[in-house]
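Enquirer: Let me begin by handing over the structure; questions about it come next.
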Amino acid sequence: MDNPEVSKREQALIAISKDPFRVIKGNPLIEAKFELTPIQTKLFLFLLAKLDTSKTNFEPMIVVVKDFQKFIGTKGDSLYNHLKKEVEKMIGKRVYYKDDNVELNTSLISGYLYLEKEGAFLVEFPSLLKPFLLQLKENFTVIDIRNILGLDSSYAMRFYEICKEKERFKTFQYTVNEIKEMFSIENKYKNYFDFKVKIIIQARNELQENSELYFDFEEIKQGKKVIAIRFNVIKNKKNFKRDQDELSILTKELPNHTDVLTRDVYETVKSYNISLLTVKNWFEKYPYLQIKQGVDYTLFQHKKGKINDVASYLQKMVSAIDITDKQEKVKNEKKLKLEQQKLDKDEQSLIGQQVDQIKHNYFISKKELAKQLLETKVDLFDKILAELKRESHLDRNNLLAELALDNYKPLQGIQKDSLLEFINNFTVDGTFQSYVLGKMTPMFDDFIILRNDFIIKAKQLGINEIGLF
């Protein structure tokens, strides 16, 4: 036998879902971590006011810009572009909640379709929000949105919902860090006084002026530091007069999303002798995405001059189930190709960087080895310098020797043609250094051992020694 209390509660929830001024939110969504601008918060409420919470799945919802403009009480044409940007940003805004039973990480809206001719958005909620918005039986709060529409601060809007959730307890407490995390402002208001004034006091003042509930608060300190805040929920004694005309849009019956999409497609194809009845039949048989891609593909081919009988081709393409798959396959293949090209390019770039690094390290090690040999074999520098002078003077075609000798500079305060002068000249990059390395490399097996060590390192990185040295 059915429980009469449960039946009454379900009937009450259905009645609430039909009320244009009240929305139902799961408490985890009220306490979740996210940050919205005031207009984004009001847009979310506008969508919730249109949501049928008795259904098992979300359906696309229409936001007619003019209607939303009336909803928030603004005028002018600037809202169109502004709202589009806000909707785009909302897709990227994450909502996060975690308790002992569940962890939620999603966006507040999953996507939108802007209909230019209709001046409207088609918006969808992500399916992960279903447990917090649809068919709620427990752990939810009923919110009268008229208490929020007059608020300017998004923090005041959040505090109203929290106060409403905690109203029956009359008090609630959060640490300062918990509030910052909930509002996603962990990196803002490092100074507690700024946090208190701009978040807590401003929210309280706005709620006291505009909403049925507001709060007072007590600071909980550890030493001199405020670590938590205890809030006391207060019923506002002010008598608020609600302007029914401003919110009449909530009771107005809007066209469903299929009607709007049908008209949008019809406006696109009507010049090709496609009737409204034909488009309606399409929507009865096929999903919108299939219809849209069939129409777009046909008109694209027609523009390229490949189709004459557009009407017949439209019928064929709209009914072609695999066109979506083909287009998606082509799209994915292109994407994979581009990704592979990028990976190849990145890999080549990385290999190039590794080769350059090995060459650099090898050259540094080679110079160090040469310096050590020059310092330990005391007569070596004298022999190389004598040979350089001889080659430069006797062999007029030896350009490297001439440049190297010209590159060798006497140093003030250092004995001429001494080991110290030789090494100081050698440490300077230039033709003299190259000449010395060229003479020393075939003279000592140490350079062959050094080279082989670097070849082994290169092979370990998958680099071929050809072109390495």
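Enquirer: Mind listing P(r) for the stretch 131-195? All alpha-carbon pairs, 10 Å bins, whole percents.
Expert: 16, 41, 35, 7, 0
Enquirer: Restricting things to alpha carbons, tell me how big the chain is in terms of Rg and Dmax, in Å.
Expert: Looking at the chain, its Cα Rg and Dmax stand at 37.9, 119 Å.
Enquirer: Which of the GluC sites (Glu not before Pro) across the stretch 370-469 are loop residues per DSSP, with 16 or fewer other Cβ within 10 Å?
Expert: Glu465
Enquirer: Charges only on Cβ, +1 for Lys and Arg, -1 for Asp and Glu: so what's the dipole of the chain about the Cα centre, in debye to the nearest 20? Walk me through the numbers on the way to the answer.
Expert: Details: 75 positive and 69 negative charges, 244 e Å.
Roughly 1180 debye for the chain.
Enquirer: Distance cut-off 25 Å, Cα to Cα: go down the list Lys359/Lys459; Lys33/Lys166; Lys117/Lys335; Lys25/Lys170 and report the pairs above it. Could you put the intermediate results ahead of the total?
Expert: Numbers: Lys359/Lys459 13 Å; Lys33/Lys166 17 Å; Lys117/Lys335 32 Å; Lys25/Lys170 19 Å.
From the list (Lys359/Lys459; Lys33/Lys166; Lys117/Lys335; Lys25/Lys170), the Cα-Cα distance tops 25 Å for Lys117/Lys335.
Enquirer: Take every DSSP beta bridge whose two residues both sit in the chain, then give the antiparallel share in percent to the nearest 5.
Expert: In the chain, DSSP labels about 100 percent of beta bridges as antiparallel.
Enquirer: Loop only by DSSP, 12 or fewer other Cβ within 10 Å of the Cβ. Give me the trypsin sites (Lys or Arg not before Pro) in the stretch 120-197 that pass, ordered by residue number.
Expert: Passing sites in the stretch 120-197 are Lys137, Lys170, Lys190.
Enquirer: Quick one: compute the contact order of the stretch 56-125, relative version, from alpha carbon pairs under 8 angstrom and 6+ residues apart, as a percent.
Expert: It comes to 39 percent, rounded to a whole number.
Enquirer: Would you calculate, for the chain, the mean residue ellipticity at 222 nm contributed by helices, counting each DSSP H stretch of 4 or more residues as -39,500 (n - 2.57) and dividing by all residues, to the nearest 500? It would help to have the intermediate numbers written out before the result.
Expert: On the way: 20 runs with 253 residues, N = 469.
Calculated at 222 nm, the ellipticity per residue is -17000 deg cm²/dmol.
Enquirer: Here are some pairs, Lys98/Lys164; Lys93/Lys334; Lys345/Lys367; Lys389/Lys439; Lys50/Lys188; which of them have Cα atoms lying more than 24 Å apart in this structure? Could you put the intermediate results ahead of the total?
Expert: Working: Lys98/Lys164 21 Å; Lys93/Lys334 29 Å; Lys345/Lys367 33 Å; Lys389/Lys439 13 Å; Lys50/Lys188 34 Å.
From Lys98/Lys164; Lys93/Lys334; Lys345/Lys367; Lys389/Lys439; Lys50/Lys188, over 24 Å: Lys93/Lys334; Lys345/Lys367; Lys50/Lys188.
Enquirer: When the Kirkwood hydrodynamic radius is evaluated over all pairs of different C-alpha atoms of the stretch 108-163, what value in angstrom, to one decimal, is obtained?
Expert: Working: mean 1/r = 0.0712 Å⁻¹.
After inverting the mean inverse Cα-Cα distance, the result is 14.0 Å.
Enquirer: Please arrange Ile30, Ile456 by accessible surface area, largest first, computed with a 1.4 Å probe and ligands excluded.
Expert: The residues order as Ile456, Ile30, largest area first.
The values are calculated or read from the model by the stated rules, or taken from the named source; none is laboratory data. Quick caveat, the model's predicted, so the values are computed rather than measured. We place every Cβ from the backbone using ideal geometry, glycine too, and count neighbours over all the protein chains shown. Note: accessible area is taken over every heavy atom of the protein model, side chains too, but ligands, DNA and RNA are not part of it. Shrake-Rupley method; radii C 1.70, N 1.55, O 1.52, S 1.80 Å.
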